[in-house]
Amino acid sequence: MDKPSKIKADGTAHSGFARLDSEPFPAFEPGWVWLVGAGPGAPGLMSLLCYHALQSSDVVVYDALVNPDILKWVRPGTALEYAGKRGGKPSAQQRDITLRLIELAEAGKRVLRLKGGDPFMFGRGGEECQHLVKAGIPFRIVPGITAGIGGLAYAGLPATHRDTNHSVIFLTGHDASGKMPANVNWQAVATASPVIVMYMAVKNLDEIADALIAGGRDPDDTVTIISHATLPGQSVAHTTLGAVRAFLASAEPATPAIVVLGPIAEWREVLDWYQGALRENPVG
Ligand code: SAH
């Protein structure tokens, strides 16, 4: 039987790069938009398809949460366009971003729309695609590792563990106007799952804690705040739901941050491989 093509004649494997180059990735066609998740931060957490897209696009339109180190992987000559907040100025309007994507695609560019984490997790990826559909622009979605999974892993918190939780709730602490979202049923959410993973929740955390306690959640439940997850500056803080107000008065957690409510925090004591004694590689 012939050896698989990835094994060289001397029995050793081809190097990773040779193997990647020979993989049959889908062609990035001119006039297409690829909406790609870059992962939560650490460049190694991007997918091979994300890497392939960086290597084949003409223009990358990227968000504020994309680690600039990831943009180093583009091929020379690729245009980079920033679509996030700039020095305190308001964010680029969502409408302007989608119009720009359409304009670039109609000009025949291979447009890589790069977002932090996963493009469909609190990333407005769905909205951008709806506009592409309306404009008749072909697109592909490349999922990414979302901060609410990858960030937890880098803090030593398994999102699920049979001894602590059989369910997880993901929610955002922020609606389009910046307020605590009124269309989350806080009463129901409070007791529906042992673990609640919250995106964009630091600003309204005091109100969220009040709403969860009013909904019947135990004020002694642990709150874990993971800032700059998966990056060298990652930091993790703990408090309890009932102590959130006092905690916020004495400490301002760095953002972006993921807030985790629930008992999976206990696992960090034994599973903290990234910041704890098991850490070997500062970049990850
Ligand atoms: N699409 C992204 C989420 C975008 S919403 C994803 O799938 O991860 C932005 C929120 O994501 C931030 O407010 C924060 O709550 C979270 N987030 C993104 N990157 C993060 C990081 N490196 N560390 C901690 N939180 C992060």
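None of the figures in this text is laboratory data; all of them are computed from the coordinates on show. All figures in this text were calculated on a predicted structure; none of them were measured in a lab. Reconstructed Cβ throughout: ideal geometry from the backbone, glycine too, with neighbour counts over all protein chains shown.
Inter-label distance, Gln275 to Arg162: 3.0 nm, where each label sits 7 Å from its Cα along the C-beta direction.
How high is the relative contact order of region 148-280, in percent, with contacts defined as C-alpha pairs under 8 Å that are six or more residues apart?
Details: 249 pairs, mean separation 42.9, N = 133.
It rounds to 32 percent for region 148-280.
What is the chain's relative contact order, in percent, from Cα pairs under 8 angstrom and six or more apart in sequence?
Working: 528 pairs, mean separation 51.1, N = 284.
Contact order relative to length: 18 percent.
In the chain, the longest principal axis of the Cα atoms and the axis of helix 125-135 are about 40 degrees apart. Mean-square fluctuations from a GNM of the chain, with a 10 angstrom spring cutoff on Cα atoms, peak among Val197, Val244, Val260 at Val244.
Can you put Leu171, Leu48, Leu205 in order of Cβ neighbours within 10 angstrom, beginning with the fewest?
Starting with the residue having the fewest Cβ neighbours, the order is Leu48, Leu171, Leu205.
The stretch between Ser235 and Ala79, if pulled fully straight at 0.36 nm per residue, gains 52.9 nm over its current Cα-Cα span. Going by neighbour counts of Cβ atoms within 10 Å, the residues Glu81, Glu128 line up, fewest first, as Glu81, Glu128.
Taking a ≥ b ≥ c as the square roots of the Cα gyration tensor eigenvalues, with a/c under 1.5 meaning rounded and otherwise prolate when a/b beats b/c, else oblate, which class fits the chain? It comes out oblate by the Cα gyration axes.
With a ≥ b ≥ c taken as the square roots of the eigenvalues of the C-alpha gyration tensor of region 16-145, please select rounded if a/c is under 1.5 and otherwise prolate if a/b is larger than b/c or oblate if it is not? It is oblate, given that a/c is not under 1.5 and a/b is not larger than b/c. Farthest towards the positive end of the charge dipole of the chain, among the residues Gly84, Thr172, Ala107, is the Cα of Ala107, using unit charges on the Cβ of Lys, Arg, Asp and Glu. Give the shape of region 227-268 as rounded, prolate or oblate, defined through the alpha-carbon gyration tensor: a ≥ b ≥ c are the square roots of its eigenvalues, a/c under 1.5 means rounded, and otherwise the shape is prolate if a/b is larger than b/c and oblate if not. Oblate, since a/c reaches 1.5 and b/c is not below a/b.
With the charge dipole of the chain set up from +1 on Lys and Arg Cβ and -1 on Asp and Glu Cβ about the Cα centre, the Cα lying farthest toward the positive end among the listed residues Ala159, His131, Trp32 is that of Trp32. If the segment from Leu65 to Thr172 were pulled out straight at 0.36 nm per residue, it would be longer than the present Cα-Cα gap by 36.9 nm.
Using R0 = 30 Å, the C-beta based FRET efficiency linking Gln130 and Glu252 works out to 0.25. Region 226-263 and region 29-89 have their alpha-carbon centroids 28 Å apart. Listing Lys109, Lys203 from fewest to most neighbouring C-beta atoms within 10 Å gives Lys203, Lys109. Taking the DSSP beta bridges with both ends in the chain, the antiparallel portion is around 45 percent.
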